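Notes follow once the structure below has been shown.
The numbers here are math on the coordinates, done by the rules we state, and not lab data. Note that the structure is a prediction, hence the values are computed from the model and not measured. Cβ sites come from the backbone with ideal geometry, for glycine too, and all protein chains shown count toward neighbours.
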Amino acid sequence: MFQRGQVYLVRTDLLSFEDLKGKLGLEVGVSRWFTIDQERVDKFADLTEDWQYIHIDTVAAKKTPFNGTIVHGFLTVSLLSAMYYDAIPMIEGSKLGVNYGFEKLRFLSPVKVGSKVRGRFELSDIREIRPFEISTTWRVEVEIEGFEKPALVAQWIGRQYLSEGHSQNG
């Protein structure tokens, strides 16, 4: 994974389809902590054209019940991919993974700018869609460091496409 000249490590450990199936109902991984600073929030606001003052105006946001700027909920959601890459081993033979969507997504707590968040991933479903195509559903909880209530919970669906020669049967 690359970001403007910096190399970020992605997990290189592998799990077979059958090994991953054995983790159904279990927490498979927890990501590292990600700090969400004001610069990241401001860039996200520019990218999405969501300039609501509660996210970008530190002076006006001080006068709200949040007592400061808060992170866009969709910025927190957008970090799920990075959290996933950090926390979940690759499926053996996977040549491509895609985001398929959400069954459920709820924002439970605002994330104050400057907070650290991390993702916890529990495998809630895994199945073969067709030969060389796997569907996974992850129960994801994004924690905020120092807070009991999570920022969000989601049922996140992904698809993995296996290279020929790697079947779901091992």
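Summary of computed values
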| quantity | calculated |
| --- | --- |
| Residue-count net charge about residue 145 - beta-carbon cut-off 14 Å; Lys, Arg +1, Asp, Glu -1 | +2 |
| 120, 130, 40 arranged by Cβ crowding within 10 Å, fewest neighbours leading | 130, 40, 120 |
| Which of 64, 12, 76 has the fewest Cβ neighbours within 10 Å, and the rest in rising order | 12, 64, 76 |
| Residue among 34, 74, 17 with the largest mean-square fluctuation in a Gaussian network model of the chain, springs linking Cα atoms under 10 Å | 74 |
| Sorted by Cβ neighbour density within 10 Å, fewest at the top, the residues 50, 86 | 50, 86 |
| Nearest 10 degrees, 0 to 90: helix 38-48 Cα axis against the chain principal axis | 70 degrees |
| 31 Å Cα-Cα threshold exceeded, pairs from 63/116; 23/112; 21/43 | 23/112; 21/43 |
| DSSP beta bridge pairing in the chain, given as percent antiparallel to the nearest 5 | 95 percent |
| Positive minus negative residues near residue 69 (Lys, Arg vs Asp, Glu; Cβ under 9 Å) | +1 |
| Gaussian network model of the chain, Cα within-10 Å springs - most flexible of 70, 54, 36 | 54 |
| Cα-derived Rg over Rh, computed across the chain with Rh taken as Kirkwood radius | 1.03 |
| Theoretical ellipticity at 222 nm over the chain - DSSP helices of four or more residues, -39500 (n - 2.57) apiece, nearest 500 | -5000 deg cm²/dmol |
| Kirkwood Rh, angstrom, region 47-95 [1 / mean 1/r, Cα pairs] | 13.2 Å |
| Cα→Cβ-extended label distance, 7 Å offset, between residue 51 and residue 63, nm | 1.9 nm |
